[in-house]
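Every read-out reported here was derived from the displayed coordinates using simple, explicitly stated rules and does not represent laboratory data. Owing to the predicted nature of the structure, the values given are computational and were not obtained by experimental measurement. Every residue, glycine as well, gets a Cβ built from its backbone with ideal geometry; the counts of neighbours run over all protein chains shown.
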């Protein structure tokens, strides 16, 4: 358990988990704009439409100079999550990659800094092994007294080498059902999904049990909502957009430009 005075007590994390689960189950799709540090979390949390905060593992790693894929030390990831939790009263769900070698311990420690839900990747391990990872994550949370909101991620579509698209969809459904049985709230299937593919996933895994990512070429949030999707997130894309804006501003300033008058002061604490 963290000793930081800003950490949420376990009873509060349990309350956050119940609130987050209700957002997944609601008819309206849960829209989360992924954040990567305290100031991005504060900006997003202050938006009127924000109901929960979701971190981007890739974004947090990049902000510290590490590539994606559990290359960032877990202690540094955990410290980043703690700072994000400290700047908002909203439920916080984290990207815990593949569980950093011990999904149960990663979840236990994430709860300790105030996190009430997470994405955990199957990384296309054998199905039985992947289901055990998800079960371990939920088991550890329940021991802490938290019905943790696990958004179990399957890479069946983005790591579909040697399989047709239809076979990859079937694999995602098979894995998704196993992860729900292991205690997951929802199943995250990253990739650009068209309407027919989304419909097949929802029919196979369950209504309000599928989570998607909004990428260039994907459907809109409203379209996914109409198809029964529970959640849409945006991964590293918000950070990419922010960094693109920084790059364009830098180019302008180095070319004798000026700061736009429309610039808002958003980094005040």
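Points to keep in mind about this one:
- Simple label model, 7 Å out from Cα along Cβ direction - residue 159 to residue 11, nm: 4.1
- Cα→Cβ-extended label distance, 7 Å offset, between residue 256 and residue 226, nm: 5.2
- Centre-to-centre, using Cα atoms only, the range 17-90 and the range 188-255 are separated by 15 Å.
- Candidates 67, 27, 216, ranked by Gaussian network fluctuation over the chain, Cα under 10 Å, top entry: 216
- Full extension of the chain segment joining residue 125 with residue 174 gains 16.3 nm, where the gain is 0.36 nm per residue of separation less the Cα-Cα distance.
- Residue-averaged [θ]222 nm for the chain, counting only DSSP H segments that reach four residues, each worth -39500 (n - 2.57): -14500 deg cm²/dmol
- Fewest neighbouring Cβ atoms within 10 Å first, the residues 90, 30 line up as 90, 30.
- Relative contact order for the range 10-250: 22 percent, from Cα pairs under 8 Å spaced at least 6 residues apart, divided by residue count.
- Label of the coordinate-derived value, Rg/Rh (Cα atoms, Kirkwood Rh), listed as [x] 1.00; [y] 0.94; [z] 0.97: [z]
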